[in-house]
Amino acid sequence: MGIYRYDAFDQRLVDERVEQFRDQVRRRLTGELTEDEFRPLRLMNGLYLQLHAYMLRVAIPYGVLSSTQMRALAEIARRYDKGYGHFTTRQNIQFNWLRLDDVPDLLADLAKVQMHAIQTSGNCIRNVTADVFAGVSGDEIEDPRIFAEAIRQWSTLHPEFSFLPRKFKIAVTGAPNDRAVLRGHDIGLRLHRNEAGDSGFEVMVGGGQGRTPLLAPTIRAFLPVVDLLAYLEAILRTYNRLGRRDNIYKARIKILVKEVGAEAFAAMVDDEFAATRRSGPQLPAEEIARIRAAFLPPRYQGNTGDGDLARRRAANPAFAHWLKANVAAHKQPGYAIVTVSLKPIGGVPGDASDEQMEGIAALADHYSLGEIRVSLKQNLVLPHVRRADLYALWLELEERGLATANAGLITDIIACPGLDYCNLANARSIPIAQRISERFEDLERQHDIGELSLNISGCINACAHHHVANIGILGVDKKGTEYYQVTLGGAAAGDAAIGAIIGPAFAADEIADAVESIVTAYLEQRRDGERFIDTYRRTGPAPFKEKLYGPA
């Protein structure tokens, strides 16, 4: 199973952090620390004070979980929360209903299964994300988890980068098909090979969403693997020196890159890199080999065939829909990659109950060699399923309410917690997601509409990535009333684009109708085989505006 195991240093680090925070919590509860004094300490440990309770964000590096870790998360949800957790677009999990005096014990429970909440908040390098199909996708050049793990080890509690001008996010992929939203990150890294056949990275810097959404330009077309950490250090040092600290809205690296220009920024990084590579961190072949050993392919059973998959598909339309939407090709013959949707019709996107988490852990042990992935789409993935087992797995997922056949479709909605939980939000996200999901409940219709991303953010911080959705919805406050602004034409993959505002915002009771109108306009304009984004790019916004607001 391709999961990195803590060594003695890793374990000691998280154990010591737990005890440090236990003492900090004790001092807060006894009044020795004020909330203002405690706030930076709790944020360094991923603990937020939300509208109703404390929220803890737990790191899941590059989205990989063992079944043992998933069971631990289920137990935490049951013991310390209200029986569920919320999976996020950063491949993390959040617990939303915590008591402060329970958090040290919770962190100690995480440490027992090699997990923590370090650097899931604060102005530091956050959880490093990767392609959710890493190591199992046939289009992959090399497994990006190796390099994501190297970055994790380099960046954890890095003394230079613990207090950056603003939070910092890195994503890595080893495939030409971008499943990691590279250009939406502060740094995006794409593995590819040069003409000599050597592996290296295309380096993109300066992407991000929020109130100033920008796509990261490429500042280096090919970076040798050995230079990865030294070059990242040069980028971070340049940002640390020049990034704004006087204005939170202009503090992200995307603003710096935009203001000085990508070419000038690349030149400054190169100057820093020339010095850093002489004395800074390297990623030599022996270190890569050490980490790679944690991600060796599992012992597959060879090509086990399809069993009676074709007959099952023909006899069961619901199973056929699930195969089409939720099952992807695996590089190992006889195996498949399965997306477990956390988007049931009318449900809360990304939520999983303690019972569901335990069920998924059991299914992972039985069908997926004990491994689970968390996707940036707020779903889960079983990466090693024998094709001959797909029907049996689907039946068990059906029993647990986890077989919704909507991966990549209109009800596969990404939504932030919104005003139901978050004290930064202007509007609710969850009820809007539920209404839209229920409006498009019919599975035949969803599959007819086809590939379409729809994301909903409750405020301009854009935690649900609405800017890069085909249909983006942003909650705004108008004199105490919740309204929803719509953007169209966003895309998160290699053809990344920022969506454009289509027109005036809609009231909460109008937004499902608005989405219906957008979909109707698409179906009226669609040509053979076109996805929503293809049609929108061909026609432009005019037919969609007319359907929403009437003739100009």
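Points to keep in mind about this one:
- Residues of the range 1-38 classified as among the aliphatic types (A, V, I, L, M), closer than 26 Å to Ser67 by Cα and at pLDDT 95 or above, total: 4
- Residue match in the range 245-258 (condition: assigned to a helix (DSSP H, G or I), exposed (fewer than 13 other Cβ atoms within 10 Å of the Cβ) and not hydroxyl-bearing (Ser, Thr, Tyr)): yes
- Leu309 in contact with a strand residue (DSSP E or B) (Cβ under 8 Å, 6 or more places away or on another chain) and among the hydrophobic types (A, V, I, L, M, F, W, C): no
- Count of residues meeting criterion [among the charged types (D, E, K, R) and closer than 19 Å to Ile414 by Cβ] in the range 491-515: 1
- Scanning the range 219-230 for residues that are assigned to a strand (DSSP E or B) and either crowded, with 18+ Cβ neighbours inside 10 Å or touching a residue at least 24 places away in the same chain (Cβ under 8 Å) (or both) yields Ile219, Arg220, Phe222, Leu223, Pro224.
- Residue under evaluation Thr212, criteria (1) out of contact with any helix residue (DSSP H, G or I) (no Cβ under 7 Å at 6 or more places or on another chain); (2) in contact (Cβ under 8 Å) with a residue 12 or more places away in the chain; (3) not in a strand (DSSP E or B), criterion not met: (1)
- Index of the failed condition, Ser279 passing every other in (1) hydroxyl-bearing (Ser, Thr, Tyr); (2) assigned by TED's automatic domain parsing to the domain that holds Ser155; (3) touching a residue at least 24 places away in the same chain (Cβ under 8 Å): (3)
- Yes/no for Met268 being closer than 26 Å to Gly494 by Cβ and either outside any loop (DSSP other than H, G, I, E, B) or assigned by TED's automatic domain parsing to the domain that holds Ala462 (or both): no
- Among the residues listed as Leu73, Leu49, Leu13, the single one being of a type in the set (A, V, I, L, M, F, W, C) and farther than 30 Å from His466 by Cβ: Leu13
- Residue within the range 436-443 that is among the small types (Gly, Ala, Ser) and under 14 Å from Val327 (Cβ atoms) present: no
- Hits in the range 79-96 (condition: of a type outside the set (Ser, Thr, Tyr) and surrounded by 17 or more Cβ atoms within 10 Å (Cβ to Cβ)): Asp81, Gly85, His86, Phe87, Arg90, Gln91, Asn92, Ile93, Gln94, Phe95, Asn96
- Filtering the range 501-521 to residues that are part of a strand (DSSP E or B) and either surrounded by fewer than 16 Cβ atoms within 10 Å (Cβ to Cβ) or not assigned by TED's automatic domain parsing to the domain that holds Glu451 (or both) leaves Ile501, Ala507.
- Residue match in the range 477-487 (condition: among the aliphatic types (A, V, I, L, M), in the same structural domain as Gln446 (by TED's automatic domain parsing), outside any helix (DSSP H, G or I) and over 25 Å from Asp448 (Cα atoms)): no
- Within the range 275-324, restricting attention to residues that are in a helix (DSSP H, G or I) and acidic (Asp, Glu), the residue that is nearest to Ser368 (Cα to Cα) is Glu287.
- Of all residues in the range 460-476, those satisfying the criterion of being in a loop (DSSP other than H, G, I, E, B) and under 15 Å from Pro417 (Cα atoms) are Ile460, Asn461, Ala462, Cys463, Ala464, His465.
- The set of residues from the range 291-330 being loosely packed, with under 13 Cβ neighbours inside 10 Å and under 30 Å from Glu233 (Cβ atoms) comprises Ala293, Leu296.
- Among (1) surrounded by fewer than 16 Cβ atoms within 10 Å (Cβ to Cβ); (2) assigned to a helix (DSSP H, G or I) - the single one Tyr536 does not satisfy: (1)
- Any hit, the range 378-396, residues being under 17 Å from Leu443 (Cα atoms), in a helix (DSSP H, G or I), without any contact (Cβ under 8 Å) to a residue 24 or more places away in the chain and out of contact with any His (no Cβ under 8 Å at 6 or more places or on another chain): no
- Lone qualifier among Gly46, Gly63, Gly83 - being in contact with a Leu (Cβ under 6 Å, 6 or more places away or on another chain) and either at pLDDT 95 or above or hydrophobic (A, V, I, L, M, F, W, C) (or both): Gly46
- Look at (1) within 18 Å of the chain's Cα centre (by Cα); (2) assigned by TED's automatic domain parsing to the domain that holds Arg531 and you find that Asn379 fails only one, number (2).
- Qualifying residues in the range 435-474 (those that are among the hydroxyl-bearing types (Ser, Thr, Tyr) and closer than 23 Å to Asp495 by Cα) - the one surrounded by the fewest Cβ atoms within 10 Å (Cβ to Cβ): Ser453
The values are calculated or read from the model by the stated rules, or taken from the named source; none is laboratory data. Note that this is a predicted model, so its numbers are computed, not measured. So basically every Cβ, Gly included, is an ideal-geometry build from the backbone, and we count neighbours across all protein chains shown.
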